[in-house]
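Data first, discussion second: the structure below is written as structure tokens.
The values are calculated or read from the model by the stated rules, or taken from the named source; none is laboratory data. All of these numbers come straight from a predicted model, not from anything done at the bench. Don't worry about glycine lacking a Cβ; one is built from the backbone with ideal geometry, like all the others, and counts go over all protein chains shown. We work out accessible area using only protein heavy atoms, side chains counted, and drop any ligands, DNA or RNA first. Shrake-Rupley method; radii C 1.70, N 1.55, O 1.52, S 1.80 Å.
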Amino acid sequence: MHRKTKKAKLKEDISPNVVPMIDIMFLLLLFFMLGADMSQRESIEIQIPKAKSVPEPKQLDEKDKRTLTVNIHHATPTGAPCPINDNGGICREPGHWQWQILGVDYDRENMKKQLVIMAQDNLDPVEDPVAKKKLSALFLLVRADERAPYGDVQKLTEYAGLAGIYKIQLAANKPLPEK
Amino acid sequence: MVDVIFCLCVFFMCSFKFRETEGKFDSWLPKDKGEGGAPDPGPLQEMRVIMTWDQTTSKLTRQYLHRQVKDDAELQGIIKDAHDDFVAKNKPDIPLIIDGGANVPWKEVMTVVNIGKALEIKNLEFAMGTADAPAK
């Protein structure tokens, strides 16, 4: 009689204990969920140039800065593929390089107007003694694709200067350390 | 439940991507130049890198003043020598001017900016409105 109950108990213990596995799975899930970036971003996925000497962003300093991000990216006006760009070449077709703020593409004239509006909305309260006028406190972050024409960055900077935005920042990727 | 968690794990693992750290170079525009400002008398001495892009051959030409430069290492060496020379003459503020054509790829401009920053040159300037000339 005693032997029988011992056998029955042994049989019950055979089932695997999945609790530690579930724990690990939960931890993995939590890690990947927190690591995933699903927020709507100002910066679109473009190949920005690499620069070893670019300073890394300081989170504390960034909090107080009002930054307007302009992306310069390649896109044909009709959405048709561009064989030069798609094959890794340098495309210089007029109208193939777009200027974008928060997912909206602007043509040159509208960007000029938009910069003026943004600059006026963020005016420094004090008149600048050198410029002898109120300048904008806004930072303009230029995120240009590495194959974008320099002329576009020049033009954008010129428009920013005319609008009173003089704090320009140029985005670059810090390359991953070589193994 | 375990199956669902496993599927979620696989989904997030597949969509996970390591991003490179994105930094930015600060580049303040001059307040006393341009529209309505005083005309720029121009620096008496300068370090100028001229870049032109030939679209037909997809070829970049770089010059330091009048000297043609082959690669980044040579350019860095030339700029370093010039900068050291100006520092020795007590003129560390002589600017490195990046004079690029409108069609020059942005990457090439940033390469020169990177060289300038690596050499700790404080004064970097961008020349505006130079036309591209065909590479020789």
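Here are the numbers for the structure shown:
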item: Residue list for segment A:70-125, filter: part of a helix (DSSP H, G or I), open to solvent by less than 70 Å² (accessible area, probe 1.4 Å) and among the acidic types (Asp, Glu); result: none
item: Any hit, segment A:138-149, residues being in a helix (DSSP H, G or I) and either of a type in the set (A, V, I, L, M, F, W, C) or closer than 22 Å to B:Leu124 by Cβ (or both); result: no
item: Residues of segment A:136-156 satisfying the condition of being of a type outside the set (D, E, K, R), in contact with a strand residue (DSSP E or B) (Cβ under 6 Å, 6 or more places away or on another chain) and facing chain B (nearest Cβ under 7 Å); result: A:Leu141, A:Ala144, A:Ala148, A:Tyr150, A:Val153
item: Criterion: part of a loop (DSSP other than H, G, I, E, B) and of a type outside the set (Gly, Ala, Ser) - qualifying residue of B:Lys122, B:Lys117, B:Lys80; result: B:Lys122
item: Single residue of A:Gln120, A:Gln98 found to be more than 9 Å from chain B (Cβ to nearest Cβ), in contact with a His (Cβ under 9 Å, 6 or more places away or on another chain) and in contact (Cβ under 8 Å) with a residue 12 or more places away in the chain; result: A:Gln98
item: Segment A:51-68 - residue that is open to solvent by 90 Å² or more (accessible area, probe 1.4 Å) and facing chain B (nearest Cβ under 9 Å) and, of those, modelled with the lowest pLDDT; result: A:Glu56
item: Residue within segment B:85-104 that is within 29 Å of A:Lys65 (Cα to Cα), modelled with pLDDT under 85 and surrounded by 15 or more Cβ atoms within 10 Å (Cβ to Cβ) present; result: no
item: Residues of segment B:30-84 classified as modelled with pLDDT of 90 or more, charged (D, E, K, R) and over 14 Å from the mean Cα position of the chain (by Cα), total; result: 4
item: Condition met for A:Gly164 (within 11 Å of chain B (Cβ to nearest Cβ) and either more than 23 Å from the chain's Cα centre (by Cα) or closer than 15 Å to B:Lys24 by Cβ (or both)); result: yes
